[in-house]
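Enquirer: Shown below is the structure under consideration.
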Amino acid sequence: LYNTLVYLNSTTVAFAPTLFYFIYGIEVILCSISVFLAPFAALALMRAGVIHRNFRYCVLCAVFQLFLACLSRFFLLFCQILDLPVIEGEDIVASILRDQFLGYISSVLGAVTLERLVATLRPEWYEKEKGTFHVFIVVQIILVLPSAANAILWTLLFSPGIARMKRELFI
């Protein structure tokens, strides 16, 4: 668990266990609420017929990203609270998924603006909803690829295990 912004080992928590476990409890409650409400938000979005299909799918993808980020944070918290040794690959994947959500959700407003720009420039074509699914695909690629690349590079460049492997390969 390499991101020091969120991971604290048991020696750090020992300085103020009540405070840290209170913070962990709040985080577990907020993540649980997000995980349990995500399917209901997705269902409500899919049934909203007055909203354009691509916009609904875009928000649905954001809800799915939130769901993945919460599940990965649960895994990281579980290992952190119980002070379990984690398998190298699992914590890296969980960290990447969690970090990718930050980039994704930060870019959603720009992607929705791009989608609305296409709708403004070509309103007759776009409002028919036929043949516009590729706009959604392009918007998702613009969202996912940079945020995933950022999360992967951030996690792998600052991972002690990966840095050790790089030193062994190049020395």
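Enquirer: Given a 1.4 Å probe and the protein chains all in place, what does the accessible area of residue 134 round to, in Å² to the nearest 10?
Expert: Rounded to the nearest 10, the figure is 100 Å².
Enquirer: Between residue 26 and residue 142, what is the FRET efficiency for a Förster distance of 35 Å, r being their Cβ-Cβ separation, to the nearest 0.05?
Expert: Details: r = 34 Å, r/R0 = 0.96.
Once rounded, the FRET efficiency stands at 0.55.
Enquirer: Find the Cα radius of gyration of the stretch 40-151, compare it with 2.2 N^0.38 Å by division, and give the number to two decimals.
Expert: For the stretch 40-151, the normalised Cα radius of gyration is 1.29.
Enquirer: Follow-up. Taking all protein chains in place and a 1.4 Å probe, what share, in percent, of the accessible surface of the stretch 98-147 do carbon and sulfur account for? Let's see the in-between values first.
Expert: On the way: 2220 of 3040 Å².
Of all accessible area on the stretch 98-147, carbon and sulfur atoms account for 73 percent.
Enquirer: Another question, if that's okay. Have a look at 131, 108, 93 and report the one farthest towards the positive end of the charge dipole of the stretch 67-136, computed about the Cα centre with Cβ charges (Lys/Arg +1, Asp/Glu -1).
Expert: Towards the positive end, the residue furthest out is 131.
Enquirer: Same structure again: Can you put 47, 53 in order of accessible area, largest first, using a 1.4 Å probe?
Expert: 47, 53
Enquirer: Would you check the accessible area of residue 23, probe 1.4 Å, heavy atoms only, in square angstrom rounded to 10?
Expert: Answer for residue 23: close to 80 Å² accessible.
Enquirer: Here's another thing I want to ask about it. Consider a paramagnetic label point 7 Å from the Cα of residue 109 along Cα→Cβ; state which residues of the stretch 22-51 have an amide N under 12 Å from it.
Expert: Zone members listed by number: none at all.
Enquirer: At a probe radius of 1.4 Å, what is the per-residue accessible area of residue 40, in Å² to the nearest 10?
Expert: Probe radius 1.4 Å; accessible area of residue 40 about 140 Å².
The values are calculated or read from the model by the stated rules, or taken from the named source; none is laboratory data. Remember, predicted model here, so these are calculated numbers, not experimental data. In this analysis, Cβ positions are derived from the backbone assuming ideal geometry, glycine residues included, and neighbour counts consider all displayed protein chains. Surface accessibility is based on the protein's heavy atoms, side chains included, excluding ligands, DNA and RNA. Shrake-Rupley method; radii C 1.70, N 1.55, O 1.52, S 1.80 Å.
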